[in-house]
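The values are calculated or read from the model by the stated rules, or taken from the named source; none is laboratory data. Just so we're clear, the structure is a prediction, and the values are computed from it rather than from any experiment. A quick note on method: Cβ atoms are made from the backbone with ideal geometry, for glycine too, and the neighbour counts reach across all protein chains shown. Note: areas computed on protein heavy atoms with side chains; ligands, DNA, RNA excluded. Shrake-Rupley method; radii C 1.70, N 1.55, O 1.52, S 1.80 Å.
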Amino acid sequence: MSTTYQQPTERGYYGQFGGAFIPEMLYPNVEELRQNYLDIMAEPAFQEEYQQLLRDYVGRPTPLFEAKRLSEKYNTRVFLKREDLCHTGAHKVNNTVGQILLAKRLGKTRIIAETGAGQHGVATATVCALMGMQCIVYMGEIDMERQKPNVYRMRLLGAEVRAAMSGSRTLKDATNEAIRDWISNPVDTHYIIGSVVGPHPYPDLVARLQAVISEEMRKQLLEKTGSELPNYVVACVGGGSNAAGAFYHFLEEPSVNLVAVEAAGHGVNSGHSAATSVLGKPGIIHGSRTLLMQDEDGQITEPYSLSAGLDYPGIGPLHAYLADSGRARFISIEDEAALRAVAELSRLEGIIPALETAHALAALGQLGAGPDDVVVVNLSGRGDKDLETYLKYADTIL
Amino acid sequence: MNRIQQAFQKKGKDLLNIYFTAGYPTLDATVPLIKAISAAGADLIEIGMPFSDPLADGPVIQQSSTVALANGMNMRVLFSQLKNIRQEVAETPILLMGYLNPVMQFGVENFCREAANAGVDGVILPDLPLDDYVAEYQETFRKYNLRPVFLITPQTAPERIRRIDELTDSFLYLVSGPGTTGGQNTQAEGVQEAYFQRIEAMNLRNPRLIGFGIGDKASFQKACQHAEGAIIGSALIRALEGVEDAPAAATRFISSVLK
């Protein structure tokens, strides 16, 4: 086999998915990154600085918590990987810490990012403050409205938040604007993409930086269950960075069931959904050939999810390959079920999850896991940013 | 010799390539605009195939694409509009410019065959990488006698420019500076000149057209000092916004550049 799940080809392909479909204006930037990322990440000095920041700044390793009351309810052993306890409240910072160190070594002085729910924007603004770098975050106008606290957080951290006004004014359009910024600033700027999407090498780079999640899981599982390998790993997927990190060190372990949970919105066939693995077909978005929601003319369609972090019309090429090959099972969860899962985790375990993460929790009943099975849910983020939404839907939740 | 090469050989310098978005400002404006643009003195015509997410384009072309899509423009409609275009405009080279995904979904072979049947001479797909073109598209392009046009930017390395120059018999699309289409040129004067002179000194096989940020007589003439001609897109689209008679507006605009 020419590719493994962990390692794309030299040109960035996972099976038929991946590649770098970018205009010439981006070629030198992306090529510079491609030629250097693996070498830089292998440098002992880089690793030392990265590991130190993960430990002392991010707060890693994050706990693996056995959720006993949730386990009782679903009659299986549920563990929660507490990425919500990372500094800034989600797994996103694992990636931004790594990429800002990379950007420094590439001699870049200006950082741009896109954000949907605002978690990646906050995580980027945070590391830019830490390193004293200029930071510009593109965010869809609609997302700025539904994730206001994160907009304020980014500004407090010294970042400039620019509204993406085109298209659906959400994550896809914020990404378009960030790419256009990079085209306009080809020399001094590094683009910190927040998910395992975009042109090669981004999907691989971000997956490697998030892989610390599953690396820790294996050690913690050995300690708590006597085996490094669980029966199930469950994670939500928008672009798919937390899922890539949670799956990474289990990709080549066929006994581990990988479960990716997408947002069904109002229902997969309602016309208001973000379930890309069901609704998408191969196409090109943001420089990557992947599964993509599009009409028959190849125009990209607008996804919908109540959660701002999951309404992306594509998925990372690794996930497209996992779906296509059957290595991962894809489940889609509607808005309402996700909201109910928010209440359930809050009441049973005293943990208020992010709305994105709640989609993964809502899939617990569909796994078919038995009483002796070990299920790890990647608790990718905390729910503080979503309180306004939770208040609005209090009737559903409470 | 293809129509693109003939156009360059005939005129040699000061060639004007006009871009417009198919289906803008109205769905049926495509053919009347081609006729008007050609009659007004443009030497090449670049027809934009609208895409929902045009990454290399600025707000003007993105907006015209959004309108065109809402008007009902798609690949099938475009090719049916272009069916008899060579009876109307015999010699002016026609290029299609767009993004890879709609072409992929239409089917590369279908796309090339329809384009060739319509009398299209060249294709510009900015997000089609060189390696992928060579590996997967070149054979089909050649079969249908279509020339690819590739972009070159100030950051494109010399050996890559040489490679691009070998891959086509049309022209090289020199992006004037950093930015998307329709932007202002913010570079220091000398920086841009040095870039154009560096390319000129390479003695490439293909002629060069400068694009991005060219929008009036002054910027057109300045570009023509450094290349065989220039490409205007966003400024024309702006001139078509909200007008009753798009072909007349296009004619007036082109006259203002060439007079």
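Quick notes
- Any chance A:Pro203 is over 25 Å from A:Ile142 (Cβ atoms), touching a strand residue (DSSP E or B) at 6+ places or on another chain (Cβ under 9 Å) and within 14 Å of chain B (Cβ to nearest Cβ): no
- Selection status of A:Gly309, touching a Ser or Thr at 6+ places or on another chain (Cβ under 6 Å) and within 30 Å of A:Tyr393 (Cα to Cα): no
- Flag for A:Val278 being closer than 19 Å to A:Gly194 by Cβ and either assigned to a helix (DSSP H, G or I) or not charged (D, E, K, R) (or both): no
- Looking only at the stretch B:156-186, and only at residues there that are polar (S, T, N, Q) and free of Cβ contacts under 8 Å to residues at least 12 places away in the same chain, the one that is farthest from the other protein chains (Cβ to nearest Cβ): B:Thr186
- Residue count for the stretch B:131-165 under the criterion of being in a helix (DSSP H, G or I) and at pLDDT 95 or above: the result is 17.
- On the stretch given as the stretch A:1-16, residues that are open to solvent by 50 Å² or more (accessible area, probe 1.4 Å) and within 14 Å of chain B (Cβ to nearest Cβ) total 3.
- The stretch B:18-52 - residue that is open to solvent by 10 Å² or more (accessible area, probe 1.4 Å) and among the charged types (D, E, K, R) and, of those, farthest from B:Val123 (Cα to Cα): B:Asp28
- Test: residue in the stretch B:114-123 that is within 11 Å of another protein chain (Cβ to nearest Cβ), buried (at least 22 other Cβ atoms within 10 Å of the Cβ) and under 15 Å from the mean Cα position of the chain (by Cα): no
- Meets criteria (modelled with pLDDT of 95 or more and away from chain B (no Cβ under 14 Å)) for A:Arg162: no
- Among the numbered conditions (1) open to solvent by less than 10 Å² (accessible area, probe 1.4 Å); (2) more than 29 Å from B:Arg160 (Cα to Cα); (3) of a type in the set (A, V, I, L, M), the only one that B:Ala90 does not meet is (1).
- Residue selected from the stretch A:351-395 under the condition among the hydroxyl-bearing types (Ser, Thr, Tyr) and in contact with a Leu (Cβ under 7 Å, 6 or more places away or on another chain), by the criterion surrounded by the fewest Cβ atoms within 10 Å (Cβ to Cβ): A:Tyr393
- Residue match in the stretch B:52-71 (condition: acidic (Asp, Glu) and more than 10 Å from chain A (Cβ to nearest Cβ)): no
- Taken across the stretch A:144-153, residues that are more than 24 Å from A:Gln294 (Cα to Cα), among the β-branched types (Val, Ile, Thr) and open to solvent by 50 Å² or more (accessible area, probe 1.4 Å) do not occur at all.
- On inspection, A:Asn150 does not qualify as out of contact with any strand residue (DSSP E or B) (no Cβ under 6 Å at 6 or more places or on another chain), within 14 Å of another protein chain (Cβ to nearest Cβ) and either on the phi < 0 side of the Ramachandran plot or β-branched (Val, Ile, Thr) (or both).
- Number of positions in the stretch A:254-275 that are in a loop (DSSP other than H, G, I, E, B) and closer than 16 Å to A:Ile213 by Cα: 1
- In the stretch B:198-212, the condition of being of a type in the set (Gly, Ala, Ser) and farther than 20 Å from A:Ile183 by Cα is met by at least one residue.
- Selection from the stretch A:165-194 of residues that are closer than 19 Å to A:Leu292 by Cβ, within 13 Å of another protein chain (Cβ to nearest Cβ) and open to solvent by less than 40 Å² (accessible area, probe 1.4 Å): A:Ser166, A:Ser168, A:Thr170, A:Leu171, A:Lys172, A:Asp173, A:Ala174, A:Thr175, A:Asn176, A:Ala178, A:Ile179
- Scanning the stretch A:17-51 for residues that are surrounded by fewer than 16 Cβ atoms within 10 Å (Cβ to Cβ) and either under 17 Å from A:Gln210 (Cα atoms) or not assigned by TED's automatic domain parsing to the domain that holds A:Thr109 (or both) returns A:Leu38, A:Ala42, A:Gln47, A:Glu48, A:Gln51.
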